[in-house]
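The next block holds one structure in the form of structure tokens; read it before the comments.
Derivation of every value follows stated rules applied to the coordinates shown; laboratory data play no part. Since this is a predicted model, take the numbers as computed values, not measurements. Backbone-built Cβ (ideal geometry, glycine too); neighbour counts: all protein chains shown.
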Amino acid sequence: MAQKTQKEMKIFIGFVKTKNRFRILSDWKITKIKSCEYSGFTSISPVKKSAIVYDWTKGQPADFYIHEILHVALRALLRIDRRKVKELRTAEEDLIQDICSLLVPKRV
């Protein structure tokens, strides 16, 4: 396996930190890969609680990773059993708080 460049490592660490900011994804496995076959989208398996984010081959938008991780987070929210109202409301509130924490500094 080839060594990652410093830039690739920085991007990977940023990707992992972004994923870790969402509590609803704490038990999900999300992988980021480069592929010649696929480009610029995410394959999500709610049953397995996993996702694969395929990098863009050229001109990747700056918000691509957060965009794709939000897709996965919403799918995780939709996966929760609607009959478990308290669990669903808690997960929804946590997700909203996590999204807001990306936009504004944490309240003291």
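Look at Lys48, Lys58 and count the other Cβ atoms within 10 Å of each Cβ; fewest to most, that gives Lys58, Lys48.
Of Phe41, Phe22, the sequence from fewest to most neighbouring Cβ atoms within 10 angstrom is Phe41, Phe22. Can you tell me how the stretch 56-102 classifies by the Cα gyration tensor, rounded, prolate or oblate, using a/c under 1.5 as the rounded cut? Oblate is the answer for the stretch 56-102, as a/c is 1.5 or above yet b/c matches or exceeds a/b.
Over the chain, dividing the summed -39,500 (n - 2.57) contributions of all DSSP H runs of at least 4 residues by the number of residues returns a 222 nm mean residue ellipticity of -15500 deg cm²/dmol. Sequentially through the stretch 13-27, phi angles give Karplus couplings (6.51, -1.76, 1.60; θ = phi - 60°) of 4, x, 4, 5, 4, 5, 4, 6, 6, 9, 4, 5, 9, 4, 9 Hz, Gly and Pro residues having no value and appearing as x. Here the stretch 6-103 is assigned +1 on the Cβ of each Lys and Arg and -1 on the Cβ of each Asp and Glu. Its dipole about the Cα centre then comes out at about 240 debye. For the chain, relative contact order (Cα pairs under 8 Å, six or more residues apart, normalised by length) works out to 24 percent. The structure-derived value of mean projected area of the Cα convex hull in nm² appears in the list [x] 6.2; [y] 8.5; [z] 6.7 under the label [y]. Simple rule: put +1 on each Lys or Arg Cβ and -1 on each Asp or Glu Cβ in the chain, find the dipole, and look at Ser26, Ile52, Val104; the Cα lying farthest toward the positive end is Ser26. The aspartates and glutamates whose alpha-carbon is closer than 13 Å to the alpha-carbon of Lys48, local same-chain residues fewer than 8 away aside, are Asp27.
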